[in-house]
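Down below is the structure, laid out as structure tokens.
Just so it is clear, none of the values below were taken in a lab; they were calculated from the coordinates. Only a predicted model underlies this, so the values are computations on that prediction, with no experimental measurement involved. Here the Cβ positions follow ideal geometry from the backbone for every residue, glycine too, while neighbour counts run over all protein chains shown.
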Amino acid sequence: MPLDQPQEEAEMSFLDHLEELRWHIVRSLTAIAVGMVVAFIFSSWIFHNVIFAPARTDFPTFHALCALGEAIGNPALCVQEIPFKVQSRYMTGQFTMQIMASFVIGFIIAFPYVVWELWRFIKPGLHSHERNNSRGAVSAISLLFFMGSAFGYFVLCPLMTWFFASYSISDMIVNEFDITSYVSTFVALVFGSGLLFQLPVVVYFLTRIGLLTPQFMRTYRKHAIIVILIIGAIVTPPDPLSQVLISLPLVILYEISIFISAYVVRQNRKREEEELKAERL
């Protein structure tokens, strides 16, 4: 327990910490449950205007791609049709997906509050300088999560839907996706992108504890870019422009993470030098 903490925090027992953690979890789950109930009530509107929106040609992403295609003289970027239907092959399919979608949307709505509750539990165990260096962590994590979710929703979801709906190996095969497959893929792309955009935060904390260095990230930059390009080639339609649209934000995130790691290393060295000077005095 750090010595610069208030006395009442330093005297908390292990059971007291468990009790405090329990209440943080309870409040977080309550916030998620409230968001889930709200999403469940408006689930019909959410499914039509949010979840199934990337599967329609009037989605903003397709308008932007068409405008870009007209500007560069590539009419192939204008999506005229997304040929597929969604069906429910199981008796409980629609109800299960309604529950799943409501939970995920409730979690996304409550995400800043959940992170804030987690931060409230961790904060008393930090030194004063660690608290100062971590100021704004909740806002940064929440902002990156929403940016990643928006990237998954407005970029990955429509492009992947377009690609797989248009993909055909025979004219005798009709694409009719099960609602379970569609919603699960939608959730994985949106939620996964939100987590993927936490890379700068993860790099920050790994560098703080000495498990990662900017030199390591610079050394393996080419390997990371190759992995990102492979991911972009897998999840996008087979044209270079779409792959660039997917890969570029991830490469930018990696470069920002290198900068953050270097900044943390400089801060650590500066603090160590100040501590050495204080000991000599």
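Summary of computed values
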quantity: In degrees, nearest ten, helix 14-41 long axis to first principal axis of the chain (Cα); calculated: 20
quantity: From the coordinates shown, Cα Rg over 2.2 N^0.38 Å corresponds to which of (1) 1.09; (2) 1.56; (3) 1.25; calculated: (3)
quantity: Förster radius 51 Å - calculated FRET efficiency between Gln80 and Ile41, Cβ distance, rounded to 0.05; calculated: 0.90
quantity: Helix axis angle, 157-166 relative to the chain longest principal axis, alpha carbon, degrees; calculated: 30
quantity: Degrees between helix 137-151 axis and first principal axis of the chain (Cα, 0 to 90, nearest 10); calculated: 10
